[in-house]
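Everything on this sheet refers to the single structure shown next.
Derivation of every value follows stated rules applied to the coordinates shown; laboratory data play no part. Keep in mind the model is a prediction, meaning the values are calculated, not measured. With ideal geometry, Cβ positions are generated from the backbone for all residues, glycine too; neighbour counts draw on all protein chains shown.
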Amino acid sequence: MRPKERVLRTIRHEETDRVPFFYLGVADINRALAEKFSLAVTDSEGLLERLGAEIRFVSPTIKRMTGETRYGFSLGSVHARLHQQSGASVTLTFPLGEASCVDDLDRWRWPDPDWFDYTIPVDRARAWADKAVVAYDMGILFLCAISVRGMEQLMIDMASDPDIAHEIFRRISDYNLTRLRRFLVTNRGLIDIVGIGDDVAGQNGMLFSVKMWREYIKPHVQRLVEMCREYSVIPYYHGCGGFRELYRDFIDMGIPCTGRLQTEAKGNNLAELKKEYGRELCFWGAIDGQHIAIEGDPAQVRAHVRQVLEIGAQGGGFVAGPTHSFTTDTPIDNVVAVYEELRA
């Protein structure tokens, strides 16, 4: 069975020969793996092939910038500027942190979809012909709003100044929709899945109430789902933390995939989730990149992967992979052990 078919059949809860899987790692891990496999550091496709990963993640690329052009929404870097103060204290400033009414939102130059190149290079498209291709992080909303407003002020807006909150979310949503449409039109027939998620939860559950999520976030997620339906691609809600409370909403909205399942977070026991939602949702992730892959040895990692596969494979609807990108402190031999076990 070819990789694309395996992934798509898994999402539909149809029979496959084995569980499909993906890879994500930070730059230092990628370099270390490339060195271990005697690959060029720039050979990202060669690395994915060596690991056996069946999914390719891709996003629009930023064009060459001018001095006045911003790179878009970026939490903690571009728009949330860091200023070193006296001693060791650090203050975050946000471009719209002081806005007091909706009209004030026009004082900042909002990111422009024209800043991006939406064409997937021909050589990549050719190499990915039999892979499942995911347009990655195309619908981030809450994190983008934080990056321009600040988390504390945005939470205050959501509780007591809904006009500002709604307008910020609407503008970001319009930007996301424009970028997604251009990406899908430009690469029609190549993209299979669209990552439309956001980080609305932490280790201990939702960052704000489900009622607020339904008021401020859900309508815009639904807009993205409808666009996915328009272009016959699959919506995949990616988020960190424990947002199990949203799963019934996802099912009702027409979202069949969610991940990357951070099993260490509240409510994210894989066996429980498979039992309750396994016929309606396809879960991605579940290989513990927070503790086991970092703190264990290769034998422990292999045992963990086998256990995850045993649970996830029941009834289909499971795509294996790390709960987050493998981080710099992950031993390379453990990463290799994960993928050797996944391919076994």
Stretched fully, the stretch from residue 59 through residue 137 gains (0.36 nm per residue minus C-alpha distance, one decimal, in nm) 27.3 nm
Return one number: the angle in degrees, 0 to 90 and rounded to the nearest 10, between the long axis of the Cα atoms of helix 27-36 and the longest principal axis of the Cα atoms of the chain.
20 degrees
Between residue 57 and residues 5 or more places away or on another chain, which pairs have amide H atoms under 5 Å apart, with H built 1.01 Å from N, and which residues are they?
134
Taking 0.36 nm per residue of separation between residue 181 and residue 214 and subtracting their Cα-Cα distance, the length gained on full extension comes to 9.5 nm
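Quick check of the Kirkwood formula: for segment 162-271, what is the inverse mean of 1/r over all pairs of different Cα atoms, in Å?
Working: mean 1/r = 0.0682 Å⁻¹.
Answer for segment 162-271: a Kirkwood hydrodynamic radius of 14.7 Å.
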Taking just the alpha carbons, could you work out the radius of gyration and Dmax for segment 221-274, both in angstroms?
11.9, 35
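Based on the Cα gyration tensor of segment 199-344, what are the three equivalent ellipsoid semi-axes, each the root of five times an eigenvalue, rounded to whole Å and given largest first?
28, 17, 14
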Rg and Dmax in Å for the chain, alpha carbons only: what are they?
20.3, 61
Nearest 10, in degrees from 0 to 90: the angle of helix 298-312 to the longest Cα principal axis of the chain is 80 degrees
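If you wrap a convex hull around the Cα atoms of segment 270-344, how much volume per residue is inside, in Å³? Working shown, then result.
Numbers: hull volume 5.8 nm³, N = 75.
With only Cα atoms used, segment 270-344 gives 77 Å³ per residue.
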Once you have the Cα-Cα distance between residue 103 and residue 12, take 0.36 nm times their residue separation minus that, and quote the gain in nm to one decimal.
28.2 nm
Dipole-positive endmost among 273, 250, 287 within segment 231-297 (Cβ charges, Cα centre):
250
Note down the magnitude of the dipole of the chain about its Cα centre, charges +1 on Lys and Arg C-beta and -1 on Asp and Glu C-beta and zero elsewhere, to the nearest 20 debye.
760 debye
Below 8 Å, C-alpha to C-alpha, sequence gap of six or more: please give me the relative contact order for the chain in percent.
21 percent
Rounded to whole Å and sorted largest first, what semi-axes of the equivalent ellipsoid does the C-alpha gyration tensor of segment 136-218 yield via the square root of 5 times each eigenvalue?
26, 15, 10
Residue 225 neighbourhood, Cβ < 14 Å, K/R = +1, D/E = -1, net charge -1
Calculate how many DSSP beta bridges within the chain are antiparallel, expressed in % of all such bridges and rounded to the nearest 5.
25 percent
Would you mind ranking 158, 212 by Cβ crowding within 10 Å, fewest neighbours first?
212, 158
Between helix 162-186 and the chain, what is the angle of the helix's C-alpha long axis to the longest principal axis, kept within 0 to 90° and rounded to the nearest 10?
50 degrees
Residue exposure sequence - 194, 58 - by fewest surrounding Cβ within 10 Å
58, 194
